[in-house]
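The values are calculated or read from the model by the stated rules, or taken from the named source; none is laboratory data. The model shown is predicted, which means the values in this text are computed figures rather than measured ones. Backbone-built Cβ (ideal geometry, glycine too); neighbour counts: all protein chains shown. Quick note on the areas: whole protein, heavy atoms, side chains included, nothing else; ligands and nucleic acids left out. Shrake-Rupley method; radii C 1.70, N 1.55, O 1.52, S 1.80 Å.
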Amino acid sequence: MSFFKKLKESIATKTEAVTNIFKEGLSKTRTAFVEKVEELITRRKKIDEQFYEELEEILIGADVGVNTVMQLIDDLRVEVKKRKIEDASDLQPILSEKLIQLMKGDDHSGLRMAPSGITVILFVGVNGVGKTTTIGKLAHKFKSEGKSVLMAAGDTFRAGAIEQLEVWGQRVGVDVIKQQSGADPAAVMFDAVQAAKQRGVDVLLCDTAGRLQNKTNLMEELNKIFRVIQRELPDAPHEVLLVLDATTGQNALSQAKLFGEKSGVTGLVLTKLDGTAKGGIVIAIRNELSLPVKLVGLGEKMGDLQQFDSEQFIHALFAGLIQREDESEAGKTAE
């Protein structure tokens, strides 16, 4: 059975709506990446040094990341020799297989929830990456699953951050625990945890500052928030999600390295994937950091924040190829 057929079968068990969200959300990356690979294969036909060089350029252009690309090209060279492949068109399924391997890792991409009581999820990341929007959409997701949710407005420094979270709160019908602008974020978290305990909510989603106006170090501020939460709920936070804007490509990778080392990040959220042709950054981040991508933003709508799924991701990228393989098989059967 061909690799694409296997991929299609594993996708078949998943809901069509989710498959379509991934397909639509990754259309720009598909055009910039897979279609260029296809064009290269059609033009070159033979696998030689120049073929590898051009493939390298396409992968780097899609922000797959230099280190990851080098590793990928080396792996492909080994496979080509091992399987005695000469025709460039035989390389596509192998390329997609390797990409899935790079992204899978050993970890589970689902959110870690508390076995009982309150699940606390903390969001970190620089300003402008879509942190507040992500919190709002996740609140909606949990609510639609029947969970009770509370949000904490811990970004007390950015003008309008508290109001923005309140707008989301009204939109999704979730209360927001807040203090006035400029208040101590750790104090807001204390209030939020107390409120969550009193109300017996299932999930507490906490916003934090992307940068601080005063001289206090951002990482120190985050550590303080951690301590306050842990004093009240020893197992919390259950997730510390770093939100990254996929449209910034390699810059997102640098932010992930910086935050990941210092703030106890447990997983990543990649927003605005639908707005970029550089979706390859997901592969680079997944491969270069030992952090799982937990959620991806694939559009503007409430339901466009999805749990990351490496098979859905690759299936969406290679959707055109898979469809053509199906059509040619159907044609053969008809004959």
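Miscellaneous remarks
- Here Glu57 fits the description: at pLDDT 85 or above and open to solvent by 20 Å² or more (accessible area, probe 1.4 Å).
- Within segment 256-266, the presence of at least one residue that is within 25 Å of Glu57 (Cα to Cα), part of a helix (DSSP H, G or I), open to solvent by less than 10 Å² (accessible area, probe 1.4 Å) and touching a residue at least 24 places away in the same chain (Cβ under 8 Å) is confirmed.
- The set of residues in segment 290-314 being aliphatic (A, V, I, L, M), in contact with a Leu (Cβ under 8 Å, 6 or more places away or on another chain) and farther than 13 Å from Glu24 by Cβ consists of Leu291, Val293, Leu295, Leu305, Ile314.
- Segment 142-176, residues that are of a type in the set (D, E, K, R) and surrounded by fewer than 20 Cβ atoms within 10 Å (Cβ to Cβ): Lys143, Glu145, Lys147, Arg158, Glu163, Glu166, Arg171, Asp175
- Members of segment 78-89 that are open to solvent by less than 80 Å² (accessible area, probe 1.4 Å) and either in contact (Cβ under 8 Å) with a residue 60 or more places away in the chain or of a type outside the set (A, V, I, L, M, F, W, C) (or both): Glu79, Asp87, Ser89
- All positions within segment 292-335 that are modelled with pLDDT of 80 or more, open to solvent by 20 Å² or more (accessible area, probe 1.4 Å) and of a type in the set (A, V, I, L, M): Met302
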